[in-house]
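First comes the structure, then the notes that go with it.
The values are calculated or read from the model by the stated rules, or taken from the named source; none is laboratory data. Keep in mind the model is a prediction, meaning the values are calculated, not measured. A quick note on method: Cβ atoms are made from the backbone with ideal geometry, for glycine too, and the neighbour counts reach across all protein chains shown.
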Amino acid sequence: MNINPVYNPVPFNPQQVDQKGPVGRSEGQADFGQQIKKLGQVLASVDDMQKAADASIVDLLAGKATDITSVVSAVAKADMGFKLLVGVRNKLIEAYKQTMNMQL
């Protein structure tokens with residue numbers, strides 16, 4: 001029995017391809033379009049956190065709210081969400097640059 005662990009080609013049959021890609025793809029992998037939709041949802045939630053923090057600051061300054069800890073908590077949550085979003089953006093840009101620098 002001759003088994004080569006380095007070279008094990010996967011046979012490709014063009015008739016096994018549907019709109020979602022090859023049939024051999026695992027079910028756990030998400031479609032690129034689905035990932036973009038999730039990114040849009042994340043952007044919307046970070047935007048909502050920013051708006052909630054802004055509203056709580058305005059309420060505090062207007063005298064409608066007297067609880068400073070809730071305002072600080074809302075601002076901190078919005079800040080962490082924004083920093084996470086910027087970190088993901090930086091990783092995506094870095095991955096794009098590495099992909100563009102690949103030699104074929």
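List of remarks:
- Among the residues of region 55-78, the ones that are part of a helix (DSSP H, G or I), of a type outside the set (Val, Ile, Thr) and either free of Cβ contacts under 8 Å to residues at least 24 places away in the same chain or in contact with a strand residue (DSSP E or B) (Cβ under 9 Å, 6 or more places away or on another chain) (or both) come to 9 in all.
- Matching residues in region 80-104 - criterion: being free of Cβ contacts under 8 Å to residues at least 24 places away in the same chain and not hydrophobic (A, V, I, L, M, F, W, C): LYS83, GLY87, ARG89, ASN90, LYS91, GLU94, TYR96, LYS97, GLN98, THR99, ASN101, GLN103
- When VAL58, VAL42, VAL72 are screened for being at pLDDT 85 or above, surrounded by 10 or more Cβ atoms within 10 Å (Cβ to Cβ), out of contact with any Lys or Arg (no Cβ under 7 Å at 6 or more places or on another chain) and within 23 Å of ARG89 (Cα to Cα), only VAL42 passes.
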